[in-house]
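Nothing in this text is a laboratory measurement; each read-out follows from the coordinates by a stated rule. Everything numeric here is computed off the predicted structure, so don't read it as measured data. Here the Cβ is made from the backbone with ideal geometry for all residues, glycine too, and neighbour counts use every protein chain on show.
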Amino acid sequence: MTGAMQLNLYLTLGLIFFCLGIYGVMTKRNVIGILMSIEIMFNAANLNLIAFSRLVKTNFGGQLFALFVIGVVAAETVVALAIILAVYKSKNTLNVDKINLMKW
Amino acid sequence: MGTAELVVFFILATVGIFSALVVVTGKNMFHNVLFFGLFLLTIAGQFLLLSADFLAMVQIFGYIGGIVVLILFAVMLTRKITDAEVEVSAGKGILSFVIALLLLGSIFYVYKRTLFPAAAELPKGFSTAAIGKMLLSSHVLPFEVVAIVLLVAVVGALAIVREEIKE
């Protein structure tokens with residue numbers, strides 16, 4: 001199995017995960033569900049980064065970048081969950097159709 | 001990539017796609033979070049197949065041990081487990097499916113036409129030592145910036161939740 005075919009396999013897998021995440025973001029009505037769909041997309045991107053760093057340019061730059069992505073995702077999740085808890089306390093729901101505090 | 005690795009890849013891919021599908025379409029939030037953990041585990045397996053051993057460990061410790069547990073806490077704090085997920089209207093679901101499918105098709109078409117330069121030889125050995133050296137020499141600035149971002153996120157999260165309690 002050549003490197004190019006292998007790369008295509010990983011790119012296809014990452015693409016499937018990414019589109020599943022997109023579908024989840026558009027259909028989910030629960031804020032935590034949307035958050036998890038976004039994280040699926042992050043992981044698809046990470047998978048592509050590592051596949052590229054292994055199969056196209058064999059140095060550790062891609063792995064390093066994926067490491068930074070994981071760090072930023074951790075920060076994002078912490079803030080998002082804090083906001084979710086705060087919103088739940090004031091609105092008593094997590095349905096995005098009902099949370100319209102910022103809607104004019 | 002030998003036959004054994006290919007078999008492992010397809011097993012991991014199947015389990016990963018199935019669990020991602022459950023996360024996206026499932027109705028029970030608690031089960032969704034558990035399947036999200038399974039999905040992350042299969043991604044860690046793919047990292048191991050790509051000989052990114054350090055990233056696989058970070059994925060398991062940091063992601064599954066940290067973020068999934070955090071989301072699980074949030075789910076249990078904010079809703080009753082027996083609560084059903086709000087139903088999606090059929091028209092919206094079909095529209096979203098079509099959009100996602102169009103995106104999948106167009107991106108697939110684009111990278112099928114692209115020629116990527118394949119690597120000549122694949123380096124062997126563990127990546128942890130090399131990543132550690134890069135983090136503390138050539139990439140020390142982004143490393144410190146991520147540290148500050150994490151600190152700010154923690155302080156910000158505390159500030160957001162604390163304000164709510166005071167009222």
**Request:** Given the peptides B:21-27, B:130-136, arrange them by the average over their residues of other C-beta atoms within 10 Å, most packed first.
**Result:** B:21-27, B:130-136
**Complete:** Normalised per residue, the volume inside the convex hull of the alpha-carbon atoms of the stretch B:1-84 in Å³ amounts to 70
**Request:** In whole angstrom, note down how far apart the Cα centers of the stretch A:47-95 and the stretch A:7-32 are.
**Result:** 14
**Prompt:** What spacing in nm lies between the two simple spin-label points modelled at B:Thr114 and B:Phe73, each 7 Å away from Cα in the Cβ direction?
**Reply:** 3.9
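Going by how many other Cβ atoms sit within 10 Å of their own, how do A:Leu55, B:Leu48 line up, fewest first? Could the numbers behind the result be given before it?
Numbers: A:Leu55 26, B:Leu48 16.
Ordered by Cβ neighbours within 10 Å, fewest first: B:Leu48, A:Leu55.
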**Distance violations [Cα-Cα > 29 Å] among A:Lys98/B:Lys27; B:Lys112/B:Lys133; A:Lys103/B:Lys27** = B:Lys112/B:Lys133
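Can you pull the mean other chain C-beta count within 10 Å for peptide B:140-149? Kindly include the intermediate steps, with their values, before the conclusion.
On the way: counts 0, 0, 5, 4, 0, 3, 8, 1, 0, 6.
Counting Cβ atoms of other protein chains within 10 Å of each residue's Cβ and averaging gives 3.
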**Prompt:** What is the spread of the Cα atoms of the protein assembly as shown along each of their three principal axes, largest first, in whole Å?
**Reply:** 61, 45, 33
**Complete:** Rounded to one decimal in nm, the spacing of the 7 Å Cα→Cβ label points at B:Phe97 and B:Thr3 is 3.8
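Work out, in µm²/s and without decimals, the Stokes-Einstein translational diffusion coefficient of chain A at 10 °C, 1.306 mPa s, Rh from Kirkwood over C-alpha pairs. Don't skip to the answer; put the middle values down first.
Details: Rh = 15.5 Å.
It diffuses with D of about 102 µm²/s by this estimate.
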**Local electrostatic count at A:Leu13 - Lys and Arg +1, Asp and Glu -1, tallied over other residues with Cβ under 15 Å** = +1
